[in-house]
Structure formats: C-alpha cells, structure tokens
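The values are calculated or read from the model by the stated rules, or taken from the named source; none is laboratory data. This is a predicted model, so every value here is computed, not measured. Glycine gets a Cβ as well: all are built from the backbone with ideal geometry, and neighbour counts include every protein chain shown. Accessible surface is based on the protein model in full, side chains and every heavy atom, while ligands, DNA and RNA are left aside. Shrake-Rupley method; radii C 1.70, N 1.55, O 1.52, S 1.80 Å.
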Amino acid sequence: MILLIIVGMSLVTMIPRVIPAYIVDKLHFPEWMNSWLNAIPYAALGALIFPGILSVKPDEPHIGLLGGAVAVILALCGLNIILVVLGAIAAVFLLTI
C-alpha cells in the first residue's frame, strides 16, 4: 500500500512538470519571444538574490552591496558563473573579517 502511495505521489508531481516541457518543445515561437523568454531566468535569479544581498549583515548592508558589485563586475568580465559566485563569496568574507 505504501509503495502505491509513493508511486501515485511521484506521478502527481511529475505529470504537471513533464507535460508542459513536451508541449513547449513542439511549439515554435517567434524570435522576439524567444529572446524575451531567455531573459526570464536572469530576472527571477535577480529577484531571488537581491533581498539576500541586503541581509548578509543586517546592521551593515554595504557589505552585501559590495559583494553584489563584485559579482556584477566579474560577470561583466565574462567569467563562469561558478567563479562569479566564488568571487562574491570571497569578497563578502574578506569584508566581514
């Protein structure tokens, strides 16, 4: 009985995620819409990250802002995202010690 519940829950979770992927894969959007859709992950990432930047040290928000600035500069230099994140972490770490 437990196994059936687990299988059922996995299907209920998987189906709403898989069906849109198959549908969108078959559709062909205009180029302007593709460029707009490609920007959505960056906007969502920014919306998730920015509040965290301000709360690195709540009493010293400039530390988070400087770490964010380091990340922006490294990203504009064209570095890999892992290096950007590590650079921002290192900057915040150095500013807090």
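Might you let me know whether segment 27-34 holds any residue that is assigned to a loop (DSSP other than H, G, I, E, B), open to solvent by 60 Å² or more (accessible area, probe 1.4 Å), modelled with pLDDT under 90 and not aliphatic (A, V, I, L, M)? Within segment 27-34, one or more residues are assigned to a loop (DSSP other than H, G, I, E, B), open to solvent by 60 Å² or more (accessible area, probe 1.4 Å), modelled with pLDDT under 90 and not aliphatic (A, V, I, L, M). For segment 70-87, give me each residue that is part of a helix (DSSP H, G or I) and either at pLDDT 95 or above or open to solvent by 60 Å² or more (accessible area, probe 1.4 Å) (or both). The answer is 70, 72, 73, 74, 76, 81, 82, 83, 85, 86, 87. Screening the candidates 75, 71, 47 for the property of being more than 20 Å from residue 87 (Cβ to Cβ) and within 17 Å of the chain's Cα centre (by Cα) yields one hit, 47. Selection within segment 50-64: residues that are part of a helix (DSSP H, G or I) and under 18 Å from the mean Cα position of the chain (by Cα). The member of this set that is surrounded by the most Cβ atoms within 10 Å (Cβ to Cβ) is 64. Within segment 25-53, residues that are without any contact (Cβ under 8 Å) to a residue 60 or more places away in the chain sit with their Cβ atoms under 7 Å from residues that are part of a helix (DSSP H, G or I) and open to solvent by less than 60 Å² (accessible area, probe 1.4 Å), at 6+ positions apart or across chains, in these pairs: 53/64; 53/67; 53/68. Taken together, the residues in segment 88-97 that are in a helix (DSSP H, G or I) and exposed (fewer than 14 other Cβ atoms within 10 Å of the Cβ) amount to 5.
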